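Peer 1: One structure is given below, represented as structure tokens, and several questions about it will come after.
The values are calculated or read from the model by the stated rules, or taken from the named source; none is laboratory data. It should be emphasised that the depicted structure is a prediction, and the values quoted were computed from it without experimental measurement. Here the Cβ is made from the backbone with ideal geometry for all residues, glycine too, and neighbour counts use every protein chain on show.
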């Protein structure tokens, strides 16, 4: 797997501005996706966007509907965060029965252009988490079982890296690297 070969560079990028983009690039070596966002739940009234590589044609749906109109509150992923869970998740395991008739689907998901989606949810504290959403739009097929298994197999390392990189998120205390890059 190419992923292991990119891991050294990702570790070197910890606490550096290039980490989020390199994290997503490394995850693309596990399986390709064309729309992604890294955000924090629990830092304020809305998720804080830490990095995005959203598909251009669906960017407005995310920023307008998911964030501004607060559709995130109805999101199965946000409900998973509120339930105190962490780990790797596939949208099919989080979506409730009747998802396509749900308020969340009608308010946001049908406009998102997303065909399939996987997530890492890394809990920094009970009330704070970093979430990485990696999605495929119509340009791709769904993630197959093998790919989902590959993402799951790197879960412990991915969560550790996310936790380490954003360990000071939401803290009043600046980290050493805050002084290096300001």
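Peer 1: Among (1) modelled with pLDDT of 85 or more; (2) closer than 15 Å to residue 36 by Cα, there is one condition residue 55 misses while meeting the rest; what is its number?
Peer 2: All conditions are met except number (1).
Peer 1: For the range 1-33, name all the residues that are more than 13 Å from the chain's Cα centre (by Cα), on the phi < 0 side of the Ramachandran plot, assigned to a loop (DSSP other than H, G, I, E, B) and surrounded by 14 or more Cβ atoms within 10 Å (Cβ to Cβ).
Peer 2: 13, 14, 29, 30, 31
Peer 1: State all residues of the range 121-138 that are outside any strand (DSSP E or B), closer than 25 Å to residue 41 by Cβ and touching a strand residue (DSSP E or B) at 6+ places or on another chain (Cβ under 7 Å); if no residue qualifies, say none.
Peer 2: To start, the set of residues in the range 121-138 that are outside any strand (DSSP E or B) comprises 126-127, 138.
Remaining after also requiring closer than 25 Å to residue 41 by Cβ: 126-127.
Residues satisfying the conditions do not exist here.
Peer 1: Might you let me know whether the range 81-99 holds any residue that is at pLDDT 85 or above, at positive phi, in contact with a strand residue (DSSP E or B) (Cβ under 7 Å, 6 or more places away or on another chain) and not in a helix (DSSP H, G or I)?
Peer 2: yes
Peer 1: Only one of these conditions is not met by residue 141: (1) outside any helix (DSSP H, G or I); (2) at pLDDT 95 or above. Which number is it?
Peer 2: Only one criterion is unmet by residue 141, namely (2).
Peer 1: From the list 81, 89, 140, exactly one residue is within 21 Å of residue 53 (Cα to Cα) and crowded, with 18+ Cβ neighbours inside 10 Å. Which is it? So that I can check it myself, show each step before the final result.
Peer 2: Numbers: 81 fails: within 21 Å of residue 53 (Cα to Cα); 140 fails: crowded, with 18+ Cβ neighbours inside 10 Å.
Answer to the selection: 89.
Peer 1: Limited to the range 80-98, what total is found for residues that are more than 22 Å from residue 144 (Cβ to Cβ), within 16 Å of the chain's Cα centre (by Cα) and without any contact (Cβ under 8 Å) to a residue 12 or more places away in the chain?
Peer 2: 1
Peer 1: So which residues in the range 39-58 are closer than 16 Å to residue 114 by Cα and either surrounded by 15 or more Cβ atoms within 10 Å (Cβ to Cβ) or touching a helix residue (DSSP H, G or I) at 6+ places or on another chain (Cβ under 8 Å) (or both)? Don't jump to the end; show me each part of the working.
Peer 2: Taking the range 39-58 as the starting set, the residues that turn out to be closer than 16 Å to residue 114 by Cα are 52-58.
Once the filter is applied, which keeps residues that are closer than 16 Å to residue 114 by Cα and either surrounded by 15 or more Cβ atoms within 10 Å (Cβ to Cβ) or touching a helix residue (DSSP H, G or I) at 6+ places or on another chain (Cβ under 8 Å) (or both), the range 39-58 yields 52, 53, 54, 55, 58.
Peer 1: Condition first: more than 19 Å from residue 27 (Cα to Cα), free of Cβ contacts under 8 Å to residues at least 40 places away in the same chain and crowded, with 18+ Cβ neighbours inside 10 Å. Can you find one or more residues in the range 106-120 that meet it? Please lay out each step first, then the result.
Peer 2: First pass over the range 106-120, keeping only residues more than 19 Å from residue 27 (Cα to Cα): 106-113.
With the extra rule that they be free of Cβ contacts under 8 Å to residues at least 40 places away in the same chain, the set shrinks to 106, 109-110.
This time we only want the ones that are crowded, with 18+ Cβ neighbours inside 10 Å, so: 109.
Checked against the condition, which is being more than 19 Å from residue 27 (Cα to Cα), free of Cβ contacts under 8 Å to residues at least 40 places away in the same chain and crowded, with 18+ Cβ neighbours inside 10 Å, the range 106-120 yields at least one hit.
Peer 1: Take the range 59-75 and flag every residue that is part of a helix (DSSP H, G or I) and surrounded by 18 or more Cβ atoms within 10 Å (Cβ to Cβ). Write out each step before concluding.
Peer 2: Going through the range 59-75, the residues part of a helix (DSSP H, G or I) turn out to be 59-68, 71-74.
Scanning the range 59-75 gives 61, 62, 65, 66, 71, 72.
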